[in-house]
Amino acid sequence: MTMIEKASRKSPGVDPETMMAQSGMKPDPYDETARSIEEGEAQFHRLGWKRLALILIVEAIALGSLSLPAAFAILGMVPGVLMCVLLGLAAMQASYTIGAVKLKYPHARHYVEIGRLMMGSFGYHLFSVAFVTQLILVVGSHCLTGKIAFKTITESDICSIIFGVVSMVLLMLLAIPPSFSEIAILGYIDFASIIIAIGVTMIATGIQSSNQPGGLSAVPWSAWPKENLTFREAFSAVTNIVFAYAFAIAQPSFMDELHTPTDFKKSIQTIAVVEIAIYTLTGSIIYAFVGQDVQSPALLSAGPLLARIGFGIAFPVIFISGSINITVVCRYIHGQMYHDSTARYVNTKKGWVTWLALVSLVSVLAWVVSEAVPIFSDLLSIISALFVSGFSYYIPPIMWFVLLKKGKWYHRKNLVASISSAIVFIIGIVVFSCGTYASIAGLVTKFRDGAVGKPFTCAVN
């Protein structure tokens, strides 16, 4: 019997903690630890499958969906639709595998710990570097996007570095809640924001194309790739579609909070339908309305006024989706710092102080990197080609063969999973090699043309 229970029995109707203090009884540290653990476990296991689906969707969609019409302009309507559907199905197959691994190894709280399961200490450290680097760079990209949005909306002469700092602070504040179930509530606002922004862009570009001479029939779109298409251009467009499905890196972290882990399949089925539909419709419809001259993001094709309105509507997308990445990387680092301490639940003074310090540090670091590296956007493309291709495509098939497969791969019960995993693996390796080449080639061209920006500049590059 705990000391609190004893105190309660001695004086029924009196607050036991008050009675203990009056009588000079000291609280049992074990009781406090047990209570902290119980509260922490309850706090971090409140996520249902619907909120899991929502947070995975907003982790992936963001404003990247409005870059897809430009990808369609390069690839053509038919290849663009095929790429959206096929790459989406491949990403969902990989996501099923990640979920199955998480169910089998529930102690693997984050993606990096799956690296330990597959390759021991080396795999853990390799995945850790890739995991942290990718997420910090993505947060940096949201700082840049926020800066561009502020500059577009205000049309002011204020140095854009100030807008970058404001963006960083907003991202940091939204990342303070440590539980994904709390952040998922903001996901409803995020999702509504991007849907409205896409809708505004579609309506605006549709009206513009209808009012031009010749109407919609005069829009110069093509069912097939544009003329004189280079390999680099084609694969840059493909990688834009690949990155649109880049949610797998955070999936184990989100699933760790599920109160019913087996429900993850419902979440994957939901995001498969939602993301493939949104990406395919966004890319094809806006491309059909604007044609070859569609800009990226497509908001810019709606005209100056509507672009400002669209960026304003998309504000929650920029900052809520970006803050989720801060929370994911901080949860991993914080958990490693306090692996055997109740501070990992962020429900003690020590836990909160270190959590807030960590969120601030990651936010500032992401902003500094995005401003200090003149080739930041190109660096992000290269790193994403290297890491997203793995986290989302070619690593999950390896998980299946190493961690899930029972018996021979060609056994009747394994054959379908073996073939589908092999296909996803090949897709991932192609994206890894060709995407990296295309990103590096683009950077080389930028250096050759003298188009490299400067660090900490007031101009928006």
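Taken together, the values in this text are just the output of simple stated rules run on the coordinates, not laboratory data. These numbers come from a predicted model, not from an experiment. Glycine also receives a Cβ, built like all others from the backbone with ideal geometry; neighbour counts cover every protein chain displayed.
Each of (1) 61, 49, 34; (2) 89, 64, 40; (3) 70, 48, 44 is a candidate for Cα extents along the principal axes in Å; the one calculated from this structure is (2). Pairs K104/K406; K102/K405; K265/K413; K226/K446; K102/K266; K147/K454: which are spaced more than 18 Å apart, C-alpha to C-alpha? From K104/K406; K102/K405; K265/K413; K226/K446; K102/K266; K147/K454, over 18 Å: K265/K413; K226/K446.
Over all pairs of different C-alpha atoms in the stretch 337-387, the reciprocal of the mean inverse distance, the Kirkwood hydrodynamic radius, equals 13.1 Å. Taking only the alpha-carbon positions of the stretch 272-376 and ignoring solvent, what does the Debye formula give for the base-10 log of I(q)/I(0) at q = 0.11 Å⁻¹? The calculated log intensity ratios at q = 0.11 Å⁻¹ are -0.60. What angle do you read, to the nearest 10 degrees and between 0 and 90, between the alpha-carbon axis of helix 315-337 and the longest principal axis of the chain? Roughly 40 degrees between the two axes. For the stretch 317-461, the convex hull drawn through the C-alpha positions has a volume of 162 cubic angstrom per residue. Is the stretch 175-239 best put as rounded, prolate or oblate by its Cα gyration tensor, with a ≥ b ≥ c the root eigenvalues, rounded for a/c under 1.5, and otherwise prolate when a/b is larger than b/c, oblate when not? In terms of gyration-tensor shape, oblate. Could you tell me whether the stretch 102-215 comes out rounded, prolate or oblate from its Cα gyration tensor? Rule is a ≥ b ≥ c as square roots of the eigenvalues, rounded for a/c under 1.5, then prolate if a/b exceeds b/c, otherwise oblate. Prolate is the answer for the stretch 102-215, as a/c is 1.5 or above and a/b outweighs b/c. Peptides 271-277, 214-220, 400-406, 85-91, ordered by how many other C-beta atoms sit within 10 Å of their residues on average, highest first, read 85-91, 271-277, 400-406, 214-220.
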